[in-house]
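Each remark here refers to the structure printed beneath this line.
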Amino acid sequence: MCGIIGFTGLKQAAPILLEGLARMEYRGYDSAGVAVVSAGSPAQIRLEKVSGKVAGLYEKTENGAAFPGTCGIGHTRWATHGAPTDFNAHPHLSQSGLFAVAHNGIIENFVPLKKELLAKGYTFKSQTDTEVVAQLLEDNYNGDFQQTVEKVLSLIDGSYAFAILCREDPQTIFAVKKNSPLILGQGDGFNLFASDVTALVEHTRDVVYMEDGQYAKVTPDSIELFAEDGSPLPLAVTRVTLSVSAAEKGGYEHFMMKEIMEQPEAVERALTPRLKNNEIVLDGFSLTKEDLAHFHKIIITACGSAYYAGLAGKYAIEKLCGLPVDVQLASELRYSDIPIDDHCLLIAVSQSGETADTLAAVKECKAKGAKVLAIVNVVESAIAKQADHVLYTWAGPEVAVATTKGYTTQLAVLYLFAVYAAHVLGRLDDAAYAGLIGELRQLPEAVRSALKLDCEMEDLAPHFKDAEHVFFLGRNTDSALAMEGALKLKEISYIHAEAYAAGELKHGTIALIDKGTPVAAVCTNEALLEKSLSNVIEVWARGADVTAFVPAGLPGSEQVRDYAARIVEVPHLRGIFASIAAVVPLQLLAYHVAKLRGCSIDKPKNLAKSVTVE
Ligand code: F6R
C-alpha cells in the first residue's frame, strides 16, 4: 500500500527520494511527501507534502533542488486514518520539528497515547496515528536518538514500518519494521532503504530484507541492524536480480496475478481486525436491533464484479437475517421507480468508491430517505463520503483493471455484515454466532489453499483457449459466482462467456449447447449439489465439454465425475461462504486463458479501472 524511502549519503537526498517515490507509484497512493535535514547550523528538517501525485512534489521542491541536504525520508500514502490531504500526508514533524516520521501500517493504541500527549500540551496538525509517534519521540527524547527510538517502540502497539529522522543527528535515519515490509540497500558512500525493492534497484542490488521486530540505524557509511531488545544482529546481504518492472509486480508477470496472490492477506485485513474477542465490531459505528428492525428491506447496488459480489452477499444476508435483499445494478437503480424510503438500507459496493453510476444511485436513494452503508476500498472516496456508514474492504491498491482482491474482500465484508446483523437482530444464539465467527476466521486460509490450484488452472487453460463461447452454470450462490467467472473470462481473454442460473437452461439457452461446447459448471453449494448435478447431466447429454468445480471431499460430489470431462476440487467451505474460495480458480483460469491468447491482461481493451463517467 503506502511506500517509504530513506536515503543518507554524499549526494543530494531529495532527487533520490523523489525518484524512489515515483518508482513506487504503481502501488497506488493518494498523497506524498519528503523531509530532508538541511545542512547548516543549526540543522533543520524541511518538509514538503502534497495530496495527489508525486509530480506535484517534484514541482513544489523544484525537482528536489529547493531542498538541499544529503539525508532524508519520503512517503506515498494510501489514506487510512484521516482524509488524503496535505496535512495528513507523511512525513509528520514533532511539535518543535526535532523529529520527522514516515509510517506504513496502523498504531492500534494511538487514541490513548494522543490523549496523554494532548494533556501534556502537544498540539496536532493531522488526524493521523503517525503524528502521535513523532510527538512521542520528542516527548521521550533524552539526547540519544537510538535510545529514544527504542523507548517509543516499547510504547506503541500495531503494525508498522517507520523511517525516522532527528534534527540533532543529521546523517542518521532509523528504519523500523513490524508486519510491514522494509528493505535495506547497501551502497558505496551512501545507504538507503525502502518498503519496496523497486525504489532501491536503481542504486544498489545489495539488499537486506528486514524481519519483523528489527530496527536499523542507517548512516552514509554503515547499516547496523538490531533486534527489538537492542541486541545487534548480523546483516544478511542478498543480491537482487529482478528487473525494475518485474520488481514492481512483486516478481509476477502481471499485476492481476500479483493481486490474485495477495487475496489471503487482503481477506484477512478485511475480517480479522473486526473479529474481536469472538464479537464482530464494526468500525466506529454499531447498529442496534431497533436500527435494523426499522429496515423493511435492503437494496444492494453496484456495477460489474461489485454487483456480483452483492448477488453473492444477498444469499448470506437473506439466509442469516431473514430480511429481503434486492440487488440492483446501479445504472438501472438510479433511473428506476423502485419504492425507496427511510425503511430501506442501501448497501453500495464499490472498489474504487468513485464509480459514477453507483455514486448517482447512492445520491438518489439518499434523497428518497434511505440510509446508506458503503462497502468500499478507497478511503474517503466519493461514495464513502456520501454514506452514513462505511466499511472499508482494506484490499489495498488494485492496479489490474479486472478486479480480484477487490471482489473477494467485498464478499468478506458482506459476509461479515450478514453475521453481524443476524446477531444484532437476535436471530443467532451464542453457539451459532460463535460458529459463524469461526467460519469467517477460516476464510483467509481457504483462499490461500485455493491459490494452490494455479498450476491446475494453467493446465486447464488450453481447453478454453480457442473456444468461441463458454457457458458458466450455477445455482443460488453458485449462480452469482458463475457470473463473476464469466465476466473475468470475457474481459481479459475476449472470449464470449455467459453465465446462467443452471435451472434456467431448459427455458432457452440449452439450444446453444452442442457437441464440445465448453461449460464451466460451478457446483460448490452443497445444499443444491444434487440439483446442480442434474443440470450437468442435461448439458453432458447434449455433448457439452464440462469442467466442474466441486468442493473437495464433499460427499456426493463424486457423482459429478461421471458426467464432467474434468473436475476441479475447490476448498470445501460452508454453503453461504463457499464462493470466496471457489472464485479463485475461476480468476486463475481466466488469467491463464488470456495469457495463452496473448491478451493485454492488466489493461484489457476498451476498459478503465475506475468508471467515473456514466
Ligand atoms: C471487473 C471489474 C468491474 C468493476 C466495476 C465496478 O473485473 O473490475 O466490473 O467491478 O467497474 O467498479 P467499482 O467496484 O470500483 O465500483
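Per-structure values
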| quantity | calculated |
| --- | --- |
| Output for the range 489-532, where each listed residue is within 17 Å of Phe549 (Cβ to Cβ) and either among the acidic types (Asp, Glu) or within 16 Å of the ligand (Cβ to nearest atom) (or both) | Leu489, Ala497, Glu498, Ala499, Glu526, Glu530 |
| Any hit, the range 280-292, residues being hydroxyl-bearing (Ser, Thr, Tyr), part of a loop (DSSP other than H, G, I, E, B), over 25 Å from Leu443 (Cβ atoms) and not assigned by TED's automatic domain parsing to the domain that holds Asp188 | yes |
| Every residue from the range 546-566 that is part of a strand (DSSP E or B) and among the hydrophobic types (A, V, I, L, M, F, W, C) | Val546, Ala548, Phe549, Val550 |
| Matching residues, the range 255-274, being of a type in the set (A, V, I, L, M, F, W, C) and under 22 Å from Ile107 (Cα atoms) | Ala266, Val267, Ala270, Leu271 |
| Only one of Leu320, Leu311 that is of a type outside the set (Ser, Thr, Tyr) and under 25 Å from the mean Cα position of the chain (by Cα) | Leu311 |
| Failed item, numbered, when Leu586 is tested on (1) in contact with a Phe, Trp or Tyr (Cβ under 8 Å, 6 or more places away or on another chain); (2) over 21 Å from Ala482 (Cα atoms); (3) not small (Gly, Ala, Ser) | (2) |
| Hits in the range 372-407 - residues which are over 20 Å from Gly82 (Cβ atoms) and within 12 Å of the ligand (Cβ to nearest atom) | Ile375, Glu398, Val399, Ala400, Val401, Ala402, Thr403, Thr404, Lys405, Gly406, Tyr407 |
| First in the range 174-202 and crowded, with 24+ Cβ neighbours inside 10 Å, second anywhere and assigned to a strand (DSSP E or B) and among the charged types (D, E, K, R), Cβ under 7 Å, 6 or more apart | Phe174/Lys217; Gly185/Asp206 |
| Residue list for the range 292-323, restricted to those being hydroxyl-bearing (Ser, Thr, Tyr) and more than 12 Å from the ligand (Cβ to nearest atom) | Tyr315 |
| Selection status of Tyr415, under 20 Å from the mean Cα position of the chain (by Cα), away from the ligand (no atom under 16 Å from the Cβ) and assigned by TED's automatic domain parsing to the domain that holds Lys371 | yes |
| Any hit, the range 211-223, residues being over 23 Å from Trp78 (Cβ atoms), touching a residue at least 60 places away in the same chain (Cβ under 8 Å) and aliphatic (A, V, I, L, M) | yes |
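For every residue, the table says whether it meets (1) part of a strand (DSSP E or B); (2) out of contact with any helix residue (DSSP H, G or I) (no Cβ under 8 Å at 6 or more places or on another chain); (3) of a type in the set (Val, Ile, Thr); (4) modelled with pLDDT of 95 or more.
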| site | (1), (2), (3), (4) |
| --- | --- |
| Phe7 | yes, no, no, yes |
| Tyr26 | no, no, no, no |
| Pro42 | no, yes, no, no |
| Gly56 | no, yes, no, no |
| Asn63 | no, no, no, no |
| Gly74 | yes, no, no, yes |
| Asn88 | no, yes, no, no |
| Gly97 | no, yes, no, yes |
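The values are calculated or read from the model by the stated rules, or taken from the named source; none is laboratory data. This is a predicted model, so every value here is computed, not measured. Please note: Cβ atoms are built from the backbone with ideal geometry, for glycine as well, and neighbour counts cover all protein chains shown.
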